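Below is one structure, written out as structure tokens, with a few remarks after it.
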Amino acid sequence: MAISARGRASEATQLPSRRRRFASRLSGGHLVMIVAGLVGMLLTLALLRSVDERVEVAVAARDLRAGDVVAGGDLRYERVKMDDDLLATVLRPGDVARLDGAIAVEGVGAGELIARTDLRPRAAPSGLRAVSIPIDRARAVNGELVRGDRVDVLLAAESEVAVVVADAEVLGVSDPAGGTALGSVEEQFTVTLAVDARGAQLLTAAVTDGDLLVARSTGAESARTTPPLPVDFVEGGSGG
């Protein structure tokens, strides 16, 4: 049956309106789904952050034996969850940065957690030893020594004055004041020096003999080749 011109015109005017309503409903639904998806993702991320309380700790990347020098490449990090008391006993990334070149004092297997007590800092740079000597403030540039200074240790023996140790690096200095009067010439403090095995022997002997003096030599010429000076030369003798 033929469709009248009026019927075709009516259908033509209704079709676009239906399409617009359908498109409008579709766009609104998509928008709701997208927003809901974003909200869900944000909630999930927030939940994961609140649940994941793991922290990075150091584990051995290889078997470490007692006496090994430990560098950064010998360690790796794992994320673990542990209480604060236990966490205080193991190494964290910040601790490792301060202990680079430390020495393993206990054996640690590959993949095992590294306790703080498993590593110790080197005694001194370049494989040297740390030796402390007690000395009167008045015999050590009035106690005005700091870490990093260089010093010569002199011994006044019965017949000569000798440089026992030359150019030793100061590793540490105890408080020269020690809570006593600053003018006290009797007050002692402790100087810790980096020395080799021979230097450690000489310092031990010098401390036993007792008449020591520490000279600050930072920036000065080395006294390593300075020969002992006979006491009679100091007293005005010929020295021969």
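The values are calculated or read from the model by the stated rules, or taken from the named source; none is laboratory data. It should be emphasised that the depicted structure is a prediction, and the values quoted were computed from it without experimental measurement. All Cβ positions, even for glycine, are placed from backbone atoms using ideal geometry, and neighbour counts span all protein chains on display.
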Per-region count, region 106-127, residues surrounded by 13 or more Cβ atoms within 10 Å (Cβ to Cβ) and farther than 23 Å from E169 by Cα:
10
What are the pairs, 6+ residues apart or on separate chains, where a residue within region 128-140 that is touching a residue at least 12 places away in the same chain (Cβ under 8 Å) and crowded, with 18+ Cβ neighbours inside 10 Å has its Cβ under 6 Å from a residue that is small (G, A, S) and not in a strand (DSSP E or B)?
V131/A200; R137/G143
Does R25 satisfy the criteria of being part of a helix (DSSP H, G or I) and modelled with pLDDT under 85?
yes
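Matching residues to (1) of a type outside the set (K, R); (2) at negative phi:
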{"residue": "L64", "(1), (2)": "yes, yes"}
{"residue": "G67", "(1), (2)": "yes, no"}
{"residue": "G73", "(1), (2)": "yes, yes"}
{"residue": "R76", "(1), (2)": "no, yes"}
{"residue": "L119", "(1), (2)": "yes, yes"}
{"residue": "G127", "(1), (2)": "yes, no"}
{"residue": "V131", "(1), (2)": "yes, yes"}
{"residue": "P134", "(1), (2)": "yes, yes"}
Could you figure out which of (1) exposed (fewer than 15 other Cβ atoms within 10 Å of the Cβ); (2) farther than 30 Å from S217 by Cβ; (3) in contact (Cβ under 8 Å) with a residue 24 or more places away in the chain isn't true of L86?
(3)
I want to confirm something. Restricting to region 145-160 and keeping residues that are within 24 Å of D209 (Cα to Cα) and modelled with pLDDT of 90 or more, which single residue is surrounded by the most Cβ atoms within 10 Å (Cβ to Cβ)?
V153
Consider R116 carefully, then state whether it is modelled with pLDDT of 90 or more and touching a strand residue (DSSP E or B) at 6+ places or on another chain (Cβ under 8 Å).
no
Residues being assigned to a loop (DSSP other than H, G, I, E, B) and modelled with pLDDT under 90: count how many of those fall in region 170-222.
16
